[in-house]
Amino acid sequence: MPSEESDHESLTSGFARALGVPAGEEIRRYVTTGQGGLPAGATLLAWDANSVHGYVFDTTNATCIRGASTRLREVDATLRRGRYLELAPEQILYAGGGSGMAVLSAANAEATEARLHEIFAEKTRIATCTTAAIPLLQEKEGFQGRVQEVFRALARNRFLTGSDAEASVPFFALRCAVCGHRAAAESVSRVAVPEGRPECEVCRERIETGRASRRDGNEPSDFQDLSDHSEGGFYAVVYSDGNGVGRLLGQLKSPLEYMRVSREIDRLLGTTVRDLAKRYDLTGDDEEAGEDHPRPNRGRPPGRYQLPICGGDDVVAILPGEVALPFARDLVRALQAGADASPVLGGATLGACAGVAVSNVKFPIRHLLTEAEGLLKLAKRRVYRDNVRSSLSFSVITDGSPRAESVTPERWTRAETETLLSGRPYCLEELETFSRRIRVLRNALSDLGKNQLYILLRHAHAGPAQLRSHVLYQIGRREEWRRLVQDLSGRDAGILTDPSACVEAVIPEYGGGE
Ligand SMILES: [Zn+2]
């Protein structure tokens, strides 16, 4: 991470260059305080891609999804370098996740906005972006007020420009076999379809890009490769989003703070997700397949995850069903810890929410993504209602499942006196406690399969008294339950003479002792 000093230097020279003036005291002060005047013509430009998800996920083809996401990351990287916009890199405050901000002169604003629209059209053909440029006037709220104004302008312009540039297709046209909705442009021969299949230009380009780039962790080209069984099995979408990021960015006073904080959030997210993927053994890397490996993409086993979206404070990861929930839990925990430890973010309490949708590997990815998004919204609701820092929700989706968003979680529908049978959406601490207890149960009970869990659940549904007698029955009958009670309570065999304490150890928050 560059030091604050060097960021200060670079941003000052960026402002000076934008305005065609020497880097004087006035500019220096504005960069660090956001207060004071700037030479006339100083302009703040912001951009944001429209429907990134629409572009990345309008297909079920894993290579095509990877290619789309690679192309969007190339747009970010190109814009960050500035040259395409005919700006110096020092003028770019931030570029990532399809959005960004730059400082420039009013005279260049229109041409630069046009270049922004052009690069999205060139790289994606269908994804578009919204732009807004406002003068950096002197005002009481300083730079902070200007940032809020440029975001308001962006929202207004987005409403005016609408979403992606999709041409309508005449009913008789041959459709693309990859996305299924655009008109096919040509027949392309692929490994899986040597005789050729109709593909639209957008899909063809995305697949070419996807084939050329296996990216971090050697991302697989078939979702079957990342399912949790060699045939069939389950895969999952984890959709995560930061909490408090918008509020934090809205509070920043100076251009320098804005630049450092938004870059730091982007960096934190990227390193946290990738480190975690390694820890979960999801990347295809092995000992000798490091950066110097002569054939980095061939001969390596494919990784077991895809990272289609990872920018700003947004993550969409596709991974094996069996690890998805623990992965999301640890991701949220690691993001919290990373934010706390970061000197740049120090003091701001940032959290994260995650929606985890698990399903059979044959279930279409875009529906799974929609479900994960619905679950993420439910998790967000928990944050707002109960003022918790981070939260998660999850669901196993089948063809017949109702949409996650159409079902109000039991948490918000039950009467005060009724027992809560599902904790979803969980706050982070609850989910961690829950996982820990399941782990202890698993370790202690040799036969804790689905069947035993269902029996426990059935007794739980029947009420506290019923669950209590089931637990006591098991303790009386089986040695491993007696050990479990001691493990959970941390007490010796003496606890076994106290039925209420035994029940309390197994189900601490569920009517124990009555
Ligand atoms: Zn297509």
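The values are calculated or read from the model by the stated rules, or taken from the named source; none is laboratory data. These numbers were taken from a predicted model, which means no experiment stands behind them. Quick reminder, even Gly has a Cβ in these numbers, built from the backbone with ideal geometry, and neighbours come from all protein chains shown. Heavy atoms of the whole protein, side chains included, go into the accessibility calculation; ligands, DNA and RNA do not. Shrake-Rupley method; radii C 1.70, N 1.55, O 1.52, S 1.80 Å.
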If you go through Gly41, Gly100, the only one that is farther than 26 Å from Leu369 by Cβ and out of contact with any Asp or Glu (no Cβ under 7 Å at 6 or more places or on another chain) is Gly41
If we ask which residues in region 445-491 are touching a residue at least 40 places away in the same chain (Cβ under 8 Å) and assigned to a loop (DSSP other than H, G, I, E, B), their number turns out to be 1
Between Asp241, Asp228, which is within 30 Å of Leu331 (Cβ to Cβ) and at pLDDT below 90?
Asp228
From Ser262, Ser254, Ser240, Ser230, which residue is assigned by TED's automatic domain parsing to the domain that holds Pro326, open to solvent by 20 Å² or more (accessible area, probe 1.4 Å) and small (Gly, Ala, Ser)?
Ser230
Checked pairs for region 63-79, first open to solvent by 10 Å² or more (accessible area, probe 1.4 Å), second among the polar types (S, T, N, Q) and not in a helix (DSSP H, G or I), C-beta under 6 Å and 6 or more apart or across chains, list as Thr63/Ser221; Thr70/Ser213
Which residues, counting only those in region 44-62, are crowded, with 22+ Cβ neighbours inside 10 Å, under 13 Å from Cys129 (Cα atoms) and within 15 Å of the ligand (Cβ to nearest atom)?
Tyr55
Residue in region 401-424 that is among the small types (Gly, Ala, Ser), part of a helix (DSSP H, G or I) and either more than 27 Å from Ser391 (Cβ to Cβ) or outside the structural domain of Asp241 (by TED's automatic domain parsing) (or both) present:
no
Residues in region 160-180: is at least one under 25 Å from the mean Cα position of the chain (by Cα), closer than 30 Å to Leu137 by Cβ and open to solvent by 20 Å² or more (accessible area, probe 1.4 Å)?
yes
Tell me, please, whether a residue that is open to solvent by less than 10 Å² (accessible area, probe 1.4 Å), away from the ligand (no atom under 16 Å from the Cβ) and small (Gly, Ala, Ser) can be found in region 27-43.
yes
Kindly evaluate Arg436 against the criterion of being surrounded by fewer than 13 Cβ atoms within 10 Å (Cβ to Cβ), modelled with pLDDT of 80 or more, assigned to a helix (DSSP H, G or I) and in the same structural domain as Glu480 (by TED's automatic domain parsing).
no
Counted residues in region 113-144 being open to solvent by 10 Å² or more (accessible area, probe 1.4 Å) and in a helix (DSSP H, G or I) come to 9
Determine, yes or no, whether Glu373 is open to solvent by 10 Å² or more (accessible area, probe 1.4 Å), without any contact (Cβ under 8 Å) to a residue 12 or more places away in the chain and not assigned by TED's automatic domain parsing to the domain that holds Gly97.
no
Here is a check on your reading of the model: is Leu472 open to solvent by less than 70 Å² (accessible area, probe 1.4 Å), in contact with a strand residue (DSSP E or B) (Cβ under 8 Å, 6 or more places away or on another chain) and at pLDDT 85 or above?
no
Strands (runs of 3 or more DSSP E) wholly in region 146-246 with at least 2 residues that are more than 16 Å from the ligand (Cβ to nearest atom), acidic (Asp, Glu) and on the phi > 0 side of the Ramachandran plot - which ones?
none
For region 54-84 the number of residues that are within 30 Å of Leu19 (Cβ to Cβ) and touching a strand residue (DSSP E or B) at 6+ places or on another chain (Cβ under 7 Å) is 4
Out of everything in region 413-433 that is free of Cβ contacts under 8 Å to residues at least 24 places away in the same chain and farther than 22 Å from Leu488 by Cα, what residue ends up being most open to solvent (accessible area, probe 1.4 Å)?
Glu416
